[in-house]
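The values are calculated or read from the model by the stated rules, or taken from the named source; none is laboratory data. As the structure is a computational prediction, the values presented were derived from the model and not from experiment. Because the Cβ atoms are built from the backbone with ideal geometry, glycine has one as well, and the counts that use them run over all protein chains shown. These area figures cover heavy atoms from the full protein model, side chains too; ligands, DNA and RNA do not enter into them. Shrake-Rupley method; radii C 1.70, N 1.55, O 1.52, S 1.80 Å.
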Amino acid sequence: MITALQAEQLANKTIEDYVNACGCRNEQDVANVLMKLASMCGLGMCAVVGQPEAASRMQGTAEYIAAAQAGKNWKRETVQ
């Protein structure tokens, strides 16, 4: 199993490649394809650990974003 840092780096690269491959025209398109990716990840977790645990993991992620990322100054940048 790869380390948490390696998994994060691989996830970042995978997300960049995915968004680039989707041919998004604007930020809403990017948000929409990322939402689809998150949904598919949730379904993948359902298949592996079951719906209750998958839902709990997704809820925990949503709570983290709502709390820990509130007010954070995100910099938008073009991924090439």
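Is the shape of region 27-68 best called rounded, prolate or oblate, per the rule: a/c under 1.5 gives rounded, else a/b larger than b/c gives prolate, else oblate, with a ≥ b ≥ c the square roots of the Cα gyration tensor eigenvalues?
Judged from the Cα gyration tensor, region 27-68 comes out oblate (a/c at least 1.5, b/c at or above a/b).
Accessible area per residue for the chain in Å², computed with a 1.4 Å probe and the full protein assembly in place, what is it? Mind showing how you got there, number by number?
Details: 6710 Å² over 80 residues.
That works out to 84 Å² for each residue.
How large a share of the accessible area of region 27-68, in percent, is made up of carbon and sulfur atoms when the probe is 1.4 Å and the other protein chains stay in place? Write out the running numbers ahead of the final one.
On the way: 2000 of 3040 Å².
The nonpolar share, carbon plus sulfur, comes to 66 percent.
Roughly what % of Cα-Cα distances in the chain sit above 18 Å, to the whole percent?
It works out to 58 percent of all Cα pairs.
Give the range of the longest stretch in the chain that excludes all trypsin sites (Lys or Arg not before Pro) found in loop regions by DSSP and having at most 10 other beta-carbon atoms within 10 Å.
The longest uninterrupted stretch comes out as 26-71.
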